[in-house]
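Written below as structure tokens is the structure these notes are about.
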Amino acid sequence: MSITKVSENDAGGVSASPSVALSVTAGNLLVFLAVSRNGTGAHNSLADDQTQTWTQVGTPVNSVGYASLWYCSNTYTGTLTVTMTLSASDTWYVNLSQWSGQAASPYVSTDTATNTATTTHVHGSTGISATIGQLLIGVAIQASTVSDEVYSGGTPFTALQFTNSTNLRQWWGYRIATGSESSVTGSWTQTSGTSAARMALFDAAPAAPTVTWVGYIG
């Protein structure tokens with residue numbers, strides 16, 4: 001089967017303890033994306049008000065600012081608030097999304113990139129290989145305004161919600177793989193400068209087996 005986006009919410013422009021709330025359903029996958037505007041304040045931890053387990057994918061990537069990604073195999077139904085604890089103040093933007101149809105152990109792999117003095121900015125240095133139905137999701141921060149994402153040579157990502165669009169320097173988005181794809185690196189073309197990015201791959205639940213009934217005549 002395929003992973004499907006259920007809902008999302010975002011928050012932005014906060015300097016301390018950025019948080020975002022979302023109505024969630026037990027059994028779904030939650031993905032939390034975060035970027036810092038200036039790269040001066042790394043985060044220490046991530047937690048929600050229902051004490052669930054959040055797993056950070058790699059470590060925050062930092063160039064002009066921090067880009068990080070966390071996920072949670074959700075066990076709670078109701079309104080959930082997720083909050084970051086910071087080591088120093090900065091301007092943060094965060095997005096929380098909810099997905100259904102994921103595998104029991106959904107995380108597969110990740111890739112990162114930092115880009116300096118270039119006009120083509122990529123999410124990954126080596127690329128990620130995906131199969132049909134898997135979720136590829138990325139997060140990036142750049143020194144200047146970020147434009148549209150390009151995925152693996154021309155297929156676009158779908159942008160995730162970003163309601164605070166003032167002086168846009170971040171980008172996050174996703175794609176559901178429609179077939180077997182290798183060495184995927186998301187990229188965007190923009191003003192020459194520095195950027196930091198991470199992308200992660202999550203697995204879909206296996207399709208239900210096909211059952212064939214054979215009649216018996218006694």
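Note on segment 1-131: with neighbouring protein chains present and a 1.4 Å probe, carbon and sulfur make up 47 percent of its accessible heavy-atom surface.
Only Cα pairs under 8 Å and 6+ residues apart enter the sum, and on that basis the relative contact order of segment 33-125 stands at 35 percent.
What is the sum of charges around residue 99, taking Lys and Arg as +1, Asp and Glu as -1, for the other residues whose C-beta is under 13 Å from the C-beta of residue 99? Local charge sum for residue 99: 0. Stretching the chain fully between residue 38 and residue 77 yields a gain of 10.5 nm (0.36 nm per residue, less the alpha carbon separation).
Sort 64-75, 96-107 for me by packing, meaning the mean count of neighbouring Cβ atoms within 10 Å per residue, highest on top.
Ranking the peptides 64-75, 96-107 by packing returns 64-75, 96-107.
Among residues other than residue 79 with Cβ under 12 Å from its Cβ, the summed charge is -2 (Lys and Arg +1, Asp and Glu -1). Relative to the current alpha-carbon distance between residue 104 and residue 125, full extension at 0.36 nm per residue lengthens the span by 4.8 nm.
Annotation: amide H-H contacts under 5 Å for residue 91 (H modelled 1.01 Å from N, sequence separation of 5 or more, or interchain): 37, 38.
Counting Lys and Arg as +1 and Asp and Glu as -1 over every other residue whose Cβ lies under 13 Å from the Cβ of residue 15, the net charge comes to 0.
The values are calculated or read from the model by the stated rules, or taken from the named source; none is laboratory data. Everything numeric here is computed off the predicted structure, so don't read it as measured data. Neighbour counts are summed over all protein chains in view; Cβ atoms, including those assigned to glycine, are modelled from backbone coordinates with ideal geometry. What goes into the accessible areas is simple: the full protein's heavy atoms, side chains included, and nothing from ligands, DNA or RNA. Shrake-Rupley method; radii C 1.70, N 1.55, O 1.52, S 1.80 Å.
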